[in-house]
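Only one structure is covered here, and it is reproduced in the block below.
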Amino acid sequence: MIFNTINKFIFINKIKLSQKVAFWAVLSLCYTQVCAQIDDDIVITKDRKIELPPANRVFEKIPPVKTKPEDRQMKYAFFDRKPKGIEEVKFNPTVVAPDGGKKKEEEDKYNNYISLGAGNFGRIFGEVYINPAQDRKMIFGVHALHNSTSRGPIDDKNSANMYDKAELSGKYLADKFQINSGFSYNRDQYYFYGYKRPRAEFDRKDIRQILNTVNFNVGFENIAPNPRVDYSLKTNIRSLKDNYAAQETDWTTTFNAYFPIIDEKFVAVIDADANMAQRSDGEVDKRNLFRVEPSFKLNLNSFSASIGYKAVNEFDEVKKINRTTGYPTVVITYKLPNLIYIFAGYGGDIVRNTLGSFLAENPFLMPKTKLLNTEKLQEYHIGGKGDIGSGFSFNFKGSMGYYKNLYYFNNYAPKVNEIKADTAKFAVLYDSLKTQFVNVSAQLNYQPAQIWRTYLRTDINHYQRRSYEKPFHRPLVTVKWGNTFIVSDRLIANLDVAYIGKTFAKNPTTNELVTNKAIIDMNAEFDYLFGKQFTAFVKLNNILGKKYERYLYYPQQGLNFLVGVNFSF
């Protein structure tokens, strides 16, 4: 399994190590949002749309937040679901630590951070944050990361990988507005090792893939207290190049405005975004998507409602698509006396698919991948969230609706004039028929004491079979269970367990249906503080040692570990 717990220490430079790693509390509160990159977001207590920048964009030193033990609760949310076909098993252990509350240690602050580690499969890991002296208005920092293996689960070097990243981020804070900006470069190198075996000798360069991604973003946001009109404007430009002559430039701009009409009880909202992409992988294709959604929100004591209309224009130069579609949106929320919220809603949208978004889900795509957007024709949903006492809290959502052009990933099958299939590369398959879907997501959090916190999340999905026999590489059931144990002031332990139900694929050489076995994945992490600036860690992935195949013909690493140290200065 690709070692995916490398981002745990992304905030350590921001919070001094002497506070018994209080930064882990922040990470714990955010974990369920980071881990579920495919969840559904329902904002209940506040209708105003708030978008936070990614955590690794701005390297701001965050002062320790002193809270009472009963105030530090696990937070979670559902995000708008993108109908993903492949979800690589990724678990960043959720760790927290008690607030030490020692004033002497709080006087020490460390601006910079470095982490070094090594493990089996020839793994080398390094990460560094540099934060120059900063004032209250100007904040900026530099971040660099290297994570590589010299060999993989099969065929030695043919399944190795290397991931590098460098970024510069900053923020300017004025009295009534703030400006965020960032620049980053990513280089991902890996190999298409899912080829048919036995295979004759070949040059490793023939199966190597390199993704070079340059990203620039800037945002302008109103932060004035109690403004007459609230707003934010953000833009992002991404340039992607791969090792097979593919190139994609993607420019996205979002605008949000919030107009209180009668205080906070009756509000007008405008959400809009413009997305312009140009992909060259043979024929140059310009693909644009423009979206605007005006809505009105009513907030009463126990009742709130949002009614709007979403207009979406989709343009594709090569496929001769130029259409505008409208989707009414309604969300109704009721607050019970015990602070439990129940909600129901209706809506629709067009889910934007790009070469970059597909590669983020499945890096083993074949060249000249066909790109189409997925339309959510309609969706009905109901749910609830709240605290039920004695340390328990919950979040639940059930939805059903219809997709058009729902996509799947499957190993590439030959066309009529081709002789051989390619098991090592994946094609994107679209169901052009109207596909019904049902999704149920539920999460239960429990924190009985300061020394233990746990959560359990379950996702159940059903897709109506239309153009294909099975929903290829889409798991029907996923379960995630996370635990954090604060053994002592110096030792923190974590245990994450995941279950991913069986998936289906089609053998491209025999055209037979193949079943990928269900996956049980267990990961652990241990951190020991030797002092205010020095920490040692051990990370264990795939403890059960199963070389499961999340993608057909792509076995993941067995038991793998990383041992390292962190130092703040």
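Some points to look at:
- For segment 258-286 and segment 112-185, distance of Cα centres in Å: 29
- Extension gain, Y172-R228: 0.36 nm per intervening residue step, less the Cα-Cα distance, totals 17.9 nm.
- Cβ-Cβ FRET estimate between M366 and K196, R0 fixed at 22 Å, reported to 0.05: 0.90
- At most 11 other Cβ within 10 Å, DSSP loop - chymotrypsin sites (Phe, Trp or Tyr not before Pro), segment 447-549: F530
- Protection proxy ranking of 278-288, 218-228, by the mean of other Cβ atoms within 10 Å over each peptide's residues and highest first, is 278-288, 218-228.
- Kirkwood radius for segment 201-287, taken over all pairs of different Cα atoms as the inverse mean of 1/r, rounds to 16.3 Å.
- Within-14-Å neighbourhood charge of R465 [Cβ basis; K, R +1; D, E -1]: +3
- Each Lys and Arg Cβ is given +1 and each Asp and Glu Cβ -1; about its Cα centre, segment 138-232 then shows a dipole of about 280 debye.
- Above-threshold pairs, the threshold being 20 Å between Cα atoms, out of K196/K425; K368/K415; K157/K502; K370/K517: K157/K502; K370/K517
- Share of pairwise Cα separations in segment 109-152, more than 16 Å, in percent: 51
- Inter-site label distance for Q533 and Q450 at 7 Å from Cα along Cβ, in nm: 2.8
- Computed over segment 308-425, the percent of Cα pairs more than 25 Å apart is 50.
Values quoted throughout were computed directly from the atomic coordinates according to the rules given, and no laboratory measurement underlies them. From a predicted model like this one, the values you see are computed outputs, not experimental measurements. For neighbour counting, all protein chains shown are included, and Cβ atoms are generated from backbone atoms with ideal geometry for every residue, glycine included.
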